[in-house]
Amino acid sequence: MTAILSLDNVTQRFGGLTALDAVSLDIAPGEVVGLIGPNGAGKTTLVNMVSGVYKPSTGTITFDGKRIDGLKSYQIARLGVARTYQVVQPFPEMTVLENVMSPATFAAGNLGVEAAQEKALEALRFCGLDEQAQMRASELTLAGRKRLELAKSLAMDPKVLLLDEVNAGLNPAEIDLALDLIRRISAKGVTIVIIEHLMKVVMNLCSRIVVLHHGAKIAEGTPAEVTSDPHVIEAYLGNRYARKQAGEAKEGADG
Amino acid sequence: MTRVLPVVLVIALVAALPLLGDNYLLRLGTMGAMYAVMALSWNVIGGFAGYPSFATAAFFGLGAYTGAILQGAGVYMPLAWVAACLAAALFAGLLGLAILHLKGHYFAIASLVVAEVLLEITTSWTSLTGGGMGLNLPILRISVDAQARLFFWAMLALASLTLAMNWIVANHRLGFGLRCIRQNEDASGMVGINTTLYKVIAFILSAVFVGGAGALYASWVFYIEPPDVFATLTSVKPIVMALLGGAGTVLGPVIGAVLFLVMEELVWRNLLEIHAAALGILIVILIFFLPGGVLGLFKRRRKPAAPSRPLASAEAGR
Ligand SMILES: Nc1ncnc2c1ncn2[C@@H]1O[C@H](COP(=O)(O)OP(=O)(O)O)[C@@H](O)[C@H]1O
Ligand SMILES: [Mg+2]
């Protein structure tokens with residue numbers, strides 16, 4: 001397997017805090033990888049490093065055979081790595097269409113206005129936002145703005161898409177729509193890394209799950225493997241519960 | 001194009017001002033054109049990109065001294081003006097690389113200090129600039145009327161050039177990218193905008209014609225001194241003008257410059273003692289009652305972005 005995106009021993013420190021601790025990770029083309037972990041585990045930090053917001057303190061990041069750690073975010077975006085923000089980041093005073101035209105104009109090659117508009121409309125239709133094209137971005141509902149983030153990423157023609165909690169704050173019906181959308185994006189051949197708290201979503205979408213805890217990668221594998229891993233249970237539910245489970249298992253074995 | 005034609009006609013009409021044969025009007029016209037150059041230039045960095053620059057006085061003074069020194073050394077006047085444009089542009093490029101990573105108030109203060117520093121340097125570098133004594137420029141050997149016409153037309157041409165530059169920027173990907181940067185700079189990088197490059201270009205464009213205006217001004221008044229051309233008010237006025245007319249629009253700064261000039265002539269001539277207070281009150285009124293400027297009154301009223309705040313805080317709290 002040649003990975004499309006790989007992190008090799010990546011560490012990120014903020015002053016005294018180690019937000020990511022020697023994380024290595026290989027992602028194959030076309031994969032949908034779930035990235036999970038408790039709050040503060042370093043998931044957003046990982047996305048920020050891959051997308052060029054921070055330069056890793058140590059370690060290397062390779063995308064499509066090219067080292068990208070140390071590149072600026074606009075350079076990484078132009079290479080084909082798109083990301084969405086946990087807290088949505090629209091251009092609030094622009095229309096929905098203009099919002100999506102911006103990546104089409106600046107990241108997806110040197111498109112003229114008309115070509116950029118065409119590409120933007122295509123992304124809006126794909127995300128079911130075409131009827132809101134002339135609305136101001138700030139007037140969209142939260143679900144709408146989450147979809148706008150997706151449409152913006154798609155208009156960049158990304159090879160890899162990093163989704164940071166795109167479902168947070170959505171109701172179940174909206175989540176189902178978003179799930180369908182992500183599946184269709186994946187079907188286009190886009191490699192996806194998705195950060196998600198809802199296990200239902202992760203189980204549904206991902207072929208592989210990576211678990212972060214206190215900045216370190218503590219487990220990696222299929223959804224079934226990861227959810228039965230004692231380290232993961234401990235990270236999520238705390239020591240006591242893990243010991244209790246282990247104790248029960250031991251008692252069961254003894255008895 | 002239908003919107004360009006009326007503007008060209010108005011400029012042509014204004015260019016006919018010397019026909020009235022009133023040198024007071026001509027002086028006002030020259031001032032108005034100079035104000036338009038400054039307001040339109042500030043508009044590129046402050047209006048389009050949203051960076052509150054107080055560096056106009058620095059570019060103006062630098063242009064004035066570049067032009068004056070070169071003319072004093074015998075350089076042909078129009079060439080000295082061009083050189084002043086280039087000097088201001090080069091200076092803005094270097095300054096921009098140094099301070100454009102600062103945001104908001106920090107950028108404003110850093111840009112404000114620049115003119116003060118240049119003022120000190122100019123005052124102490126007596127051998128080159130004449131120091132606090134100021135600098136005389138070569139006298140033109142043409143009639144007073146011909147001079148008035150010459151400088152009026154030159155300044156009007158410079159203002160037209162600055163207006164054209166604004167129009168081109170607004171309709172070019174540069175303008176689109178600058179609007180993105182103003183609304184969300186982090187997201188701008190993520191959509192592929194080279195934010196550093198775009199901001200530096202915007203800063204250079206906000207300087208180049210102001211440098212020219214400074215040199216023209218020096219040639220026009222024949223004598224410059226540091227506190228005159230590096231005055232802090234020179235940085236403040238263009239901001240007020242742009243806000244008055246409508247920052248971030250192409251025509252707004254021109255309208256603001258004309259309104260400002262009229263107010264300055266009618267009101268402040270008669271209120272000399274409270275000139276600064278009047279300017280302060282105007283700024284407060286602008287900020288509170290006219291956020292979109294005069295042009296904003298004619299646009300559809302913006303709906304308040306009510307839903308954005310509760311949601312943003314809800315997410316941050318998670
Ligand atoms: N820019 C920053 N400066 C300092 N600390 C940060 C910064 N970004 C994140 N952190 C810290 O790094 C840790 C990981 O944060 P984050 O990646 O946002 O976690 P997650 O997304 O998994 O909830 C947290 O302790 C957070 O406070
Ligand atoms: Mg996070």
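The values are calculated or read from the model by the stated rules, or taken from the named source; none is laboratory data. These numbers come from a predicted model, not from an experiment. Counting neighbours? That spans all protein chains shown, and the Cβs are built from the backbone with ideal geometry, glycine included. Each accessible area value is taken on the protein alone, full model and side chains, heavy atoms only, with ligands, DNA and RNA left out. Shrake-Rupley method; radii C 1.70, N 1.55, O 1.52, S 1.80 Å.
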- Message: Starting from the Kirkwood Rh over alpha-carbon pairs, what translational D in µm² s⁻¹ does chain B have by Stokes-Einstein at 4 °C and 1.567 mPa s?
- Response: 63 µm²/s
- Using a 1.4 Å probe on heavy atoms of the protein chains only, the accessible area for B:ILE281 in Å², nearest 10, reads 100 Å²
- Note on the structure: Reported to the nearest 10 Å², B:PHE230 has, with a 1.4 Å probe, an accessible area equal to 10 Å²
- Item | Rel. contact order, % - alpha carbon contacts under 8 angstrom, at least six apart, region B:4-317 | 32 percent
- Message: If I stretch the segment between B:ARG27 and B:TYR76 completely, what's the gain in nm (0.36 nm per residue apart, minus their alpha carbon distance), one decimal?
- Response: 15.3 nm
- Can you give the charge dipole size of the protein assembly as shown about its Cα centre, rounded to the nearest 20 debye, using +1 on the beta carbon of Lys and Arg and -1 on the beta carbon of Asp and Glu? 560 debye
- Task: Just tell me how shielded A:50-56 is by partners: mean number of partner chain Cβ atoms within 10 Å of each residue's Cβ, no decimals.
- Result: 1
- Task: Work out the FRET efficiency for B:ILE11 and B:GLU265 from their Cβ-Cβ distance, taking R0 = 22 Å, and round it to the nearest 0.05.
- Result: 0.55
- Helix B:173-183 axis, angle to chain B major axis (alpha carbon atoms, nearest 10°): 60 degrees
- Task: Over both sides of the B-A contact, add up the buried accessible area with a 1.4 Å probe and give it to the nearest 100 Å².
- Result: 2800 Å²
- Item | Spatially near lysine pairs across region A:1-138, Cα under 23 Å, sequence gap of 8 or more or different chains | 5
- At a probe size of 1.4 Å, how large is the accessible area of B:PHE289, to the nearest 10 Å²? 150 Å²
- How do B:ILE285, A:ILE27 stack up against each other in accessible area, from largest to smallest, with a 1.4 angstrom probe? B:ILE285, A:ILE27
- Average beta-carbon neighbours from other chains, 10 Å sphere, peptide B:169-178: 2
- Query: Would you list B:THR126, B:THR66 from the most to the least accessible area, probe 1.4 Å?
  - Reply: B:THR126, B:THR66
- Sort A:PHE126, A:PHE14 by accessible area with a 1.4 Å probe, largest first. A:PHE14, A:PHE126
- Message: To test your reading of the geometry: what angle, between 0 and 90 degrees and rounded to tens, separates the Cα axis of helix B:275-289 from the longest principal axis of chain B?
- Response: 30 degrees
- Item | Net charge, B:SER188 excluded, C-beta distance under 11 Å - Lys, Arg +1, Asp, Glu -1 | +1
- Interchain or sequence-distant (5+) residues whose placed amide H lies within less than 5 Å of the amide H of A:ALA219 are A:VAL211
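Using only DSSP helix segments of four residues or longer, with each worth -39500 (n - 2.57), what per-residue ellipticity at 222 nm results for chain A after dividing by its residue count and rounding to 500?
Here the helix-only value at 222 nm equals -12500 deg cm²/dmol.
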- Item | Helix axis angle, A:142-154 relative to chain A longest principal axis, alpha carbon, degrees | 80 degrees
- Query: Any idea how far apart B:LEU197 and A:ASP64 come out in nm if each label point goes 7 Å out from Cα toward Cβ?
  - Reply: 1.7 nm
- Message: Classify the protein assembly as shown from the C-alpha gyration tensor, please: rounded if a/c falls under 1.5, else prolate or oblate depending on whether a/b exceeds b/c.
- Response: prolate
- With -39,500 (n - 2.57) per DSSP H segment of 4 or more residues and division by the full residue count of chain B, the 222 nm estimate, nearest 500 deg cm²/dmol, is -23500 deg cm²/dmol
- Item | Approximate spin-label separation A:TYR236-B:ILE274, in nm, with each point projected 7 Å along Cα-to-Cβ | 7.0 nm
- Could you give the length gained on full extension between B:ALA146 and B:ILE283, defined as 0.36 nm per residue of separation minus the Cα-Cα distance, in nm? 45.6 nm
- Task: Give the relative contact order (percent, whole number) for chain A; include only Cα pairs under 8 Å separated by 6+ residues.
- Result: 24 percent
